[in-house]
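First up is the structure itself, then whatever we jot down about it.
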Amino acid sequence: MSTILFENARLIDPEAGTDTAGWLLVENGAVTGTGAAKGPVPVAAEARIDCRGKCLAPGIVDLGVKIGEPGERHKESFRSAGLAAAAGGVTTIVTRPDTQPPLDNPESLEFVVRRAAEAAPVHVRPMAALTKGREGREMTEIGFLMDTGAIAFTDADRVVADTKVLSRALTYARGLGALVIGHPQEPGLSRGAAATSGKFASLKGLPAVSPMAERMGLDRDIALLEMTGARYHADQITTARALPALERARNNGLDITAGVSVHHLTLNDLDVADYRTFFKLTPPLRSEDDRVAAVEALRTGLIDVLCSWHTPQDEESKRLPFEEAAAGAVGLETLLPAALRLHHAGALTLPELFRAMALNPARRLGLEAGRLAPGAPADLVLFDPDAPFVLDRWKLRSKSKNTPFDGARLQGRVIGTWVGGRRVHGTDA
């Protein structure tokens, strides 16, 4: 349909910060107009969708998704990830380069771009490795990778420990206007850790890392930003100790933004309970005080981006002792209902949530998505924020089922998802 009218909608506009009743018109894959519920409604639409008072928002831009292609297709393919994303209201997947082999050359990246276009029903924008092999020794060919389609550069959860290598990469990236995404951790302190240090980790006998490791890693990266002037995004800021350093860097005019995963905003270290490996993440789950501080930082805008940090792992890698089990959790389908926990608890409004899940990541990556304004792409999600359900991990569309929310009571059902005005999830998909 070239013209679609969404009427009787509750429009969630993160750019304007509003939550209002109204209508939205889509023509040829782009938003062309919105209006209040009591205003004049366009009648020349080929299709009319009655939203029945449910929420219509920009599609989610999920920054930092792991896909198993190439090398680990049994964990997640572009097809399965795309279907999971569409079912979760995610219209743009920004993929990580921590594949086997890593995406550190134009040929591998070209394969990913082609496979994603063929198999995924949503937008896929790949990130490339910052250093060859993600080994932290030699930077990749950033310019060639940008020409091939790389939207940002990162070694994912590996820290570039060699400061000289990182400084050179940041300097080169600045010259090309490339965005570098770092993983703030002090690698020596965090090596081998499975939990955050504290009473709980001590009682469970788990190897732990101090929250200061995140602060120390961020401090080093900030110092390099002062030296190089590069564009930088911290993928995960999860501790209260790191927030003052982030705020000072912002106040000093550095081009720095930060993200956090939905798991770190809705769970804490006590959820590990009796060594439940679906709760083993990187970085590890933090204390309740850290979780509350991160939620407040997201509300105020100090932390910019809320993501799933989707990391599929097969059953064999999770059915191990906690210390040996692989870290990570899937999150493409659970990002929205899990984030809505924060809304139902009164911590964040819906426009604030979608500012962090759609508008801010799109802006940081230079995408037009994340908005409802005329001219924006018609990447949309229609959802019922109050619909209750119990999550069954075996019903997830991801190939891997490693979610910490298995059996959890959640609220928030996606009714439909549109990418460029084409429905990719829902009854008309």
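The values are calculated or read from the model by the stated rules, or taken from the named source; none is laboratory data. This is a predicted model, so every value here is computed, not measured. Virtual Cβ from ideal backbone geometry, glycine too; neighbours counted across all protein chains shown. Surface accessibility is based on the protein's heavy atoms, side chains included, excluding ligands, DNA and RNA. Shrake-Rupley method; radii C 1.70, N 1.55, O 1.52, S 1.80 Å.
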Using the alpha-carbon atoms, what tilt in degrees (0 to 90, nearest 10) does helix 335-344 show relative to the longest principal axis of the chain? 80
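Please arrange Phe354, Phe278 by accessible surface area, largest first, computed with a 1.4 Å probe and ligands excluded.
Working: Phe354 0, Phe278 40 Å².
My answer, sorted largest first, is Phe278, Phe354.
Summarise the accessible area of the chain (1.4 Å probe, protein heavy atoms) by the percent that is carbon and sulfur.
Values: 8210 of 16690 Å².
Roughly 49 percent, rounded to a whole number.
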What is the angle, in °, between the Cα long axis of helix 163-176 and the longest principal axis of the Cα atoms in the chain? Nearest 10 is fine, range 0 to 90. 30
Computed [θ] at 222 nm, deg cm²/dmol, the chain (DSSP H ≥ 4; -39,500 (n - 2.57); rounded to nearest 500): -8000 deg cm²/dmol
Helix 78-87 axis, angle to the chain major axis (alpha carbon atoms, nearest 10°): 60
Cross-link pairs Lys38/Lys395; Lys66/Lys164; Lys280/Lys395; Lys54/Lys395; Lys199/Lys318 - those with Cα-Cα distance over 31 Å: Lys38/Lys395
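When the Kirkwood radius is taken over all Cα pairs of segment 298-423, what Stokes-Einstein diffusion coefficient follows at 37 °C and 0.692 mPa s, in µm²/s?
On the way: Rh = 16.1 Å.
D = 204 µm²/s.
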Of Asp235, Asp274, Asp379, the one that fluctuates the most in a GNM where the chain has Cα springs shorter than 10 Å: Asp274
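If packing is taken as the mean number of other Cβ atoms within 10 Å per residue, what is the order of 11-19, 198-206, highest first?
Working: 11-19: 19.0, 198-206: 14.2.
Output ranking for 11-19, 198-206: 11-19, 198-206.
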For 123-131, 367-375, 41-49, 398-406, ranked highest to lowest by mean beta-carbon neighbours within 10 Å, the order is 123-131, 398-406, 367-375, 41-49
Where the centre of each part is set by its Cα atoms, how far does segment 404-429 sit from segment 4-46, in angstrom? 20
Compute, for Ser287, the solvent-accessible surface of its heavy atoms (probe 1.4 Å) with the complete set of protein chains present, and express it in square angstrom to the nearest 10. 40
Report the residue, chosen from Gly136, Gly407, Gly229, that carries the largest GNM mean-square fluctuation when the chain is represented by alpha-carbon nodes joined by springs under 10 Å. Gly407
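Considering only protein heavy atoms, what per residue accessible area in square angstrom results for the chain with a 1.4 angstrom probe?
On the way: 16690 Å² over 429 residues.
Averaged over the residues of the chain, the accessible area is 39 Å².
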Listed residues Tyr232, Tyr275 arranged by accessible area, highest first, probe 1.4 Å: Tyr275, Tyr232
